[in-house]
Amino acid sequence: MKVVILAGGQKSTISNEQEGIPKPMAEIGGKPILWHIMKSFAGYGLNEFIICGGYKVDMIKTYFMDYYIYQSDITVDLQTNTVEIHKNRTEDWKVTVVDTGMYSETGLRIAQIEKYIQDDTFIVTYGDCLSDINMNEMLAYHKEHGRMATMAVARPTGRNAAVEISPEGYLLKGSEVSGNDQAWINACLYVFNRKVFSILNGNYNLNRLLKEKVADKEQLVTYKHQGFWAPVETHHDRFNMENLWNAGVAPWLKAEK
């Protein structure tokens with residue numbers, strides 16, 4: 001099953017030393033946020049990724065093209081121009097990086113990778129959010145309900161607009177309410193059936209398309225996550241995640257770092 005990561009936004013302002021790079025490439029503990037997201041999915045055996053790039057997408061391509069070298073010890077013979085790799089350490093991942101355009105909205109980015117999706121079900125997540133959502137449970141929940149889309153929702157972090165959900169768990173069309181301790185917010189993680197591509201027309205925001213074309217047909221069900229979820233949008237967010245990583249208690253990683 002493919003995991004699609006939306007990583008095409010503008011440059012990072014998470015830290016001064018890392019301005020001018022894509023936000024998902026800003027580092028936590030010496031690893032890009034993108035790596036942390038992928039590592040969390042890999043802990044559930046989900047190791048095929050499609051990265052929807054845009055701003056400085058070549059930086060993301062280069063990172064994965066050279067990943068094997070960067071994770072290994074090497075000996076370079078400058079006279080013969082040969083490289084010997086020692087103690088190679090790498091991941092069992094298959095990564096497709098797609099340039100989906102500098103100014104594309106999220107809906108258009110996903111529409112452009114349809115040809116890379118063979119399975120009936122696929123996952124979409126944003127490249128700046130970390131969580132400990134149990135993907136086995138969420139995938140089972142999606143299968144049980146049999147809807148076009150399942151959207152993970154989490155408790156507010158204090159600065160996010162909450163969404164209104166029906167008693168049956170469906171997202172209500174056009175709903176957006178003030179956040180409180182009992183509210184739910186979009187956790188930026190979805191499980192889709194392939195038929196979702198039928199609504200991805202034009203350069204529109206994914207959430208807008210889902211609310212306008214899916215929610216009123218009860219084809220968008222919500223998966224309520226009570227655990228850890230955090231966007232990495234500011235220097236303060238990154239600092240908090242760095243502390244968790246350095247303490248060896250990063251909650252978003254199922255597998256050991």
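The values are calculated or read from the model by the stated rules, or taken from the named source; none is laboratory data. The structure presented is a predicted model; accordingly, all values stated were derived computationally and were not measured. All Cβ positions, glycine included, derive from the backbone under ideal geometry; neighbour counts span all protein chains shown. Heavy atoms of the whole protein, side chains included, go into the accessibility calculation; ligands, DNA and RNA do not. Shrake-Rupley method; radii C 1.70, N 1.55, O 1.52, S 1.80 Å.
Look at the stretch 197-225 and say how many of its residues are open to solvent by less than 80 Å² (accessible area, probe 1.4 Å) and within 18 Å of the chain's Cα centre (by Cα).
7
Output the residue which, of all residues in the stretch 23-57 that are among the hydroxyl-bearing types (Ser, Thr, Tyr) and in a loop (DSSP other than H, G, I, E, B), is least open to solvent (accessible area, probe 1.4 Å).
Looking at the filtered set, the residue picked out is Tyr55.
Quick check on Ile110: is it crowded, with 18+ Cβ neighbours inside 10 Å and assigned to a loop (DSSP other than H, G, I, E, B)?
Answer is no for this residue.
State whether one or more residues within the stretch 152-162 are in a helix (DSSP H, G or I), modelled with pLDDT of 95 or more and surrounded by 18 or more Cβ atoms within 10 Å (Cβ to Cβ).
No, every residue in the stretch 152-162 fails to be in a helix (DSSP H, G or I), modelled with pLDDT of 95 or more and surrounded by 18 or more Cβ atoms within 10 Å (Cβ to Cβ).
Checking Ala140 against (1) within 15 Å of the chain's Cα centre (by Cα); (2) more than 16 Å from Phe197 (Cβ to Cβ); (3) small (Gly, Ala, Ser), only one condition comes out false. Which one?
Of the numbered conditions (1) within 15 Å of the chain's Cα centre (by Cα); (2) more than 16 Å from Phe197 (Cβ to Cβ); (3) small (Gly, Ala, Ser), the odd one out for Ala140 is (1).
If you go through the stretch 97-107, how many residues are open to solvent by 40 Å² or more (accessible area, probe 1.4 Å), over 21 Å from Glu212 (Cβ atoms) and under 17 Å from the mean Cα position of the chain (by Cα)?
Total satisfying the criteria: 1.
Checking Lys61 against (1) under 15 Å from Leu34 (Cβ atoms); (2) open to solvent by less than 60 Å² (accessible area, probe 1.4 Å), which test does it fail?
(2)
List pairs: first residue in the stretch 237-252 and surrounded by fewer than 18 Cβ atoms within 10 Å (Cβ to Cβ) and modelled with pLDDT of 90 or more, second residue among the aromatic types (Phe, Trp, Tyr) and outside any helix (DSSP H, G or I) anywhere in the structure, Cβ distance under 8 angstrom, at least six positions apart or on different chains.
What qualifies is Pro251/Phe228.
If you go through the stretch 202-234, how many residues are part of a strand (DSSP E or B) and under 15 Å from Tyr141 (Cβ atoms)?
5
If you scan the stretch 64-96, which residues turn out to be open to solvent by 40 Å² or more (accessible area, probe 1.4 Å), of a type in the set (Ser, Thr, Tyr) and either in a helix (DSSP H, G or I) or on the phi > 0 side of the Ramachandran plot (or both)?
Selection gives Tyr68, Tyr70.
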